[in-house]
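The values are calculated or read from the model by the stated rules, or taken from the named source; none is laboratory data. Since we're looking at a predicted model, the values are computed, not measured. Using ideal geometry, Cβ is built from the backbone for each residue, glycine included, and neighbour counts are taken over all protein chains shown.
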């Protein structure tokens with residue numbers, strides 16, 4: 001709704017003037033920390049079980065700490081991947097949400113970097 | 001845990017190999033590999049990763065002469081991606097501002113911080129937190145130097161960087177002993193603000209280190225290096241004399257110049273380029289809320305093709321009033337070009353520079369000649385539309401509507417953070 005209350009010079013002022021609010025912004029919903037927020041595009045089917053389809057846009061917050069059960073953008077052996085984290089006592093698993101993909105166990109031999117935590121997914125329908 | 005003996009503390013935060021690091025954040029497989037960044041138009045090397053420096057690649061190396069070097073040593077070459085670098089710089093600065101409100105953005109990859117009322121903090125630990133958070137949130141590795149003045153923070157930063165293995169990228173000058181040790185280590189030519197000319201003269205006087213410089217008399221420094229040199233000396237002595245500048249001083253001159261990819265023989269084509277350069281200068285003036293009093297136009301042939309007729313000329317035109325109107329500046333630049341243009345020359349480079357820059361609010365109307373006030377409203381509208389729909393959508397009529405000047409950017413990385421079509425892909 002477009003409110004143009006302040007230009008009215010005659011008559012009773014609009015009762016809505018006191019309730020003017022800024023419009024809904026997706027940025028405000030999805031971006032909690034602007035300096036640390038980055039975006040990525042999903043390629044492939046490995047996370048379809050979590051609702052991440054090929055071509056979806058991910059919102060990534062680098063300031064969040066990795067936790068068991070979070071979906072993260074990771075770097076394993078030089079490639080970006082998006083997977084669910086499973087943190088165990090002495091190892092980390094990267095779990096795909098698609099039966100056709102095997103869980104990846106991160107061992108001492110792999111180089112894993114957690115690049116950021118996925119907070120939202122934006123999909124065009 | 002030690003606390004600083006100095007009440008006022010300054011920090012210098014410097015991004016490590018900033019341009020190369022920006023590229024690595026989005027292509028982490030380049031970690032540890034040599035990277036070179038080329039200037040606008042892919043002309044020469046303007047930034048190198050440590051690995052590229054170690055290979056002996058010089059700063060300013062002309063790219064076309066170094067193609068085989070790049071291939072031979074597997075140097076990953078990038079065209080400058082300023083939208084990416086600018087955005088990453090803003091992110092780093094935003095994180096820094098969470099640690100102290102007193103931040104001076106000194107350059108795209110450096111900021112001075114000032115800490116007031118931090119007497120009870122362990123500043124080294126605080127610096128470690130700053131470094132860690134910048135790295136985690138933005139991916140950018142930084143080095144931090146702390147000291148009782150800006151100049152000493154800069155010295156401490158050099159120590160932090162040079163001995164990164166031992167310092168972990170952080171060094172604090174918090175005692176007289178450390179101050180003197182660092183100054184005796186630092187060559188005079190590497191001191192902040194000591195340029196080539198001063199360096200030569202000081203070395204002739206046996207001033208070889210920053211410490212030697214602090215032993216000169218105030219009178220001599222003042223006489224030979226003006227009050228600027230004197231402030232630097234006191235800063236290095238630990239008496240803060242160079243204040244933090246939180247508001248960037250408007251640039252003294254703004255220039256837009258380009259080497260053309262191919263030679264321009266056609267007068268109309270050259271006019272179109274010059275008009276565009278003037279327009280870009282006007283946009284930059286409006287961005288920093290200032291106006292200019294004079295404009296310089298220059299054009300030249302290619303000196304590296306001695307077989308062709310050689311020509312270079314420039315002219316300066318004073319404006320009757322300070323302006324930042326694209327229309328006025330473009331018209332003036334074209335008038336200037338008419339004055340210097342010589343036919344039968346193949347032009348390789350041209351440019352427009354505006355000078356005599358004053359802040360918008362210092363603008364005074366002159367009595368008899370003034371700009372059509374409609375220009376200002378029109379420029380605001382144009383700037384608004386550019387902001388909304390992207391740059392260079394609106395052109396003035398003497399610019400070619402079909403032509404967008406294409407910089408040579410053969411090695412451009414995606415605009416990962418400023419264009420949604422360019423974001424990273426994750427499997």
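For residue A:76, the conditions (1) more than 9 Å from chain B (Cβ to nearest Cβ); (2) within 30 Å of residue B:129 (Cβ to Cβ); (3) surrounded by 14 or more Cβ atoms within 10 Å (Cβ to Cβ); (4) modelled with pLDDT of 95 or more all hold with the exception of (4). With a requirement of 2 or more residues that are within 30 Å of residue B:87 (Cα to Cα) and over 13 Å from the mean Cα position of the chain (by Cα), the strands (runs of 3 or more DSSP E) lying completely within the range A:11-107 that satisfy it span A:71-76, A:79-87. The set of residues in the range B:195-213 being surrounded by fewer than 10 Cβ atoms within 10 Å (Cβ to Cβ) and more than 28 Å from the chain's Cα centre (by Cα) consists of B:204, B:206. Only one entry of B:183, B:216 meets the criterion of being surrounded by 13 or more Cβ atoms within 10 Å (Cβ to Cβ) and part of a helix (DSSP H, G or I), and that entry is B:183. With the structure loaded, tell me whether residue B:164 is touching a strand residue (DSSP E or B) at 6+ places or on another chain (Cβ under 6 Å), over 30 Å from residue B:421 (Cβ atoms) and without any contact (Cβ under 8 Å) to a residue 60 or more places away in the chain or whether it fails that test. In short, no. Taking each residue of the range A:80-103 that is free of Cβ contacts under 8 Å to residues at least 40 places away in the same chain and looking for partners that are outside any loop (DSSP other than H, G, I, E, B) and exposed (fewer than 11 other Cβ atoms within 10 Å of the Cβ) with beta-carbon atoms closer than 9 Å, six or more apart or interchain, yields nothing. Just so you know, in the range B:73-107 the residues that are in contact with a strand residue (DSSP E or B) (Cβ under 7 Å, 6 or more places away or on another chain) and at pLDDT below 90 include one that is nearest to the other protein chains (Cβ to nearest Cβ), and it is B:105. Selection within the range B:412-427: residues that are over 19 Å from residue A:118 (Cα atoms) and either under 21 Å from the mean Cα position of the chain (by Cα) or at the interface with another protein chain (Cβ under 7 Å from one of its Cβ atoms) (or both). The member of this set that is surrounded by the most Cβ atoms within 10 Å (Cβ to Cβ) is B:413. For the range B:109-119, the condition holds for at least one residue, the condition being that it is under 30 Å from residue B:409 (Cβ atoms), touching a strand residue (DSSP E or B) at 6+ places or on another chain (Cβ under 9 Å) and either more than 14 Å from every other protein chain (Cβ to nearest Cβ) or surrounded by fewer than 19 Cβ atoms within 10 Å (Cβ to Cβ) (or both). Residues that are facing chain B (nearest Cβ under 10 Å) and crowded, with 18+ Cβ neighbours inside 10 Å within the range A:57-71 comprise A:58, A:60, A:61, A:62, A:64, listed in sequence order. Does residue A:87 satisfy the criteria of being touching a helix residue (DSSP H, G or I) at 6+ places or on another chain (Cβ under 7 Å) and more than 10 Å from chain B (Cβ to nearest Cβ)? Here the answer is no, as residue A:87 does not meet what is asked.
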